[in-house]
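Quick notes on the structure that follows.
A short reminder: the numbers here are calculations on the coordinates, not readings from a lab. A quick note: this is a predicted structure, and the numbers were derived from the prediction, not measured. A quick note on method: Cβ atoms are made from the backbone with ideal geometry, for glycine too, and the neighbour counts reach across all protein chains shown.
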Amino acid sequence: MPELPEVETSRRGIEPHLVGNVIQYAVVRNSRLRWPVAEEIMKLSDQLVLSIQRRAKYLLVELAKGWIIVHLGMSGSLRILPEERPAEKHDHVDLVMADGKVLRYTDPRRFGAWLWSDDLERCSVLAHLGPEPLSDDFHGSYLYARSSKKKTLIKPWLMDNKLVVGVGNIYANEALFTAHIQPDRPAHTLTEREANLLAETIKKVLQRSIEQGGTTLRDFLQSDGKPGYFAQELFVYGRAGEPCRICGEKIESIKLGQRSTFFCRHCQY
Ligand SMILES: [Zn+2]
């Protein structure tokens, strides 16, 4: 599933091709995504792209008359291709640009979304989202204050978008390992020192993935390239039964909030 770093990598990948360019029209081959593709997108004509932004895992394409809001869902990806390249089975949406390129959206599972907003302030999917993890609004004191009296277990608590956006399952597992915190402790047991370390670690883990994603941008732009999801060295995620890279003990796996949770009993407490 595309996580925040992949979405940010996609944003950086498409930005230079779209901003300052004109969307001539959209081709929607299948509008049945998670929600139907917005009418306003189907009717687009000659719209200058002003900016490409990101909020949580939503890509925000700013046009003079409103915003296209794209979510990649479980399996969505975006590529820049020459207009003449034939569409394949799962290529559901194209934005045809004035310079002969298309932004092509591919999504085999169709859990993604193409929405429209005239005014982001009043956009329901963006309301109630917590701070961006890489922004100055997210820090140890914020986490510590929010953890007080919370009985929710730390890992599902971290993955709640109302607390902080974009800490997906892989990153929650990895950040808790690096901060030496057991994932199944109640949130209120976090000490101030642990909250500071955890906030810093979350930023580092996400930042490192975004930097690694940058190296895949070349592939991303090749017409036959796979979308830019990148292999990264994981300490615990997906490694049940394998030796911990730090201490050699076996990585354990449990379910928390129905999500696979991996940890080292020796390194996390
Ligand atoms: Zn260990």
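Taking a ≥ b ≥ c as the square roots of the Cα gyration tensor eigenvalues, with a/c under 1.5 meaning rounded and otherwise prolate when a/b beats b/c, else oblate, which class fits the stretch 1-69? Walk me through the intermediate numbers first.
On the way: a/c = 1.95, a/b = 1.14, b/c = 1.71.
Taking the square roots of the gyration eigenvalues as a ≥ b ≥ c, the stretch 1-69 is oblate.
Relative protection proxy for 12-20, 161-169, from highest mean packing down: 161-169, 12-20 (other beta-carbon atoms within 10 angstrom).
Provide, as a two-decimal number, the C-alpha radius of gyration of the chain over 2.2 N^0.38 Å, N being how many residues it has.
On the way: Rg = 20.0 Å, N = 269, 2.2 N^0.38 = 18.4 Å.
Relative to the rule-of-thumb radius for its length, the chain sits at 1.09.
Under 20 Å of direct C-alpha separation, and excluding same-chain neighbours fewer than eight residues apart, LYS151 reaches these aspartates and glutamates: ASP160, ASP184, GLU192, GLU194. Computed from the alpha carbon atoms alone, the convex hull of the stretch 4-117 holds 87 Å³ per residue.
Neighbour counts of other Cβ atoms within 10 Å put MET74, MET42, MET97 in the fewest-to-most order MET74, MET42, MET97. Each of ILE170, ILE181 was scored by other Cβ atoms within 10 Å of its Cβ. Listed from fewest to most, they are ILE170, ILE181.
When averaged across all projection directions, what area in nm² does the alpha-carbon convex hull of the stretch 71-162 cover?
Details: hull surface 36.1 nm².
Value for the stretch 71-162: 9.0 nm².
Relative contact order for the chain: what is it in percent, counting Cα pairs under 8 Å that are at least 6 residues apart? It rounds to 18 percent for the chain.
For the stretch 25-37, putting each phi into the Karplus relation 6.51 cos²θ - 1.76 cosθ + 1.60 with θ = phi - 60° gives couplings of 6, 10, 10, 10, 8, 8, 8, 8, 9, 3, 10, x, 4 Hz, in residue order, rounded to whole numbers and with x for Gly and Pro. For the cross-link pairs LYS203/LYS255; LYS43/LYS162; LYS89/LYS155; LYS150/LYS203, the ones whose C-alpha atoms lie over 27 Å apart are LYS43/LYS162; LYS89/LYS155.
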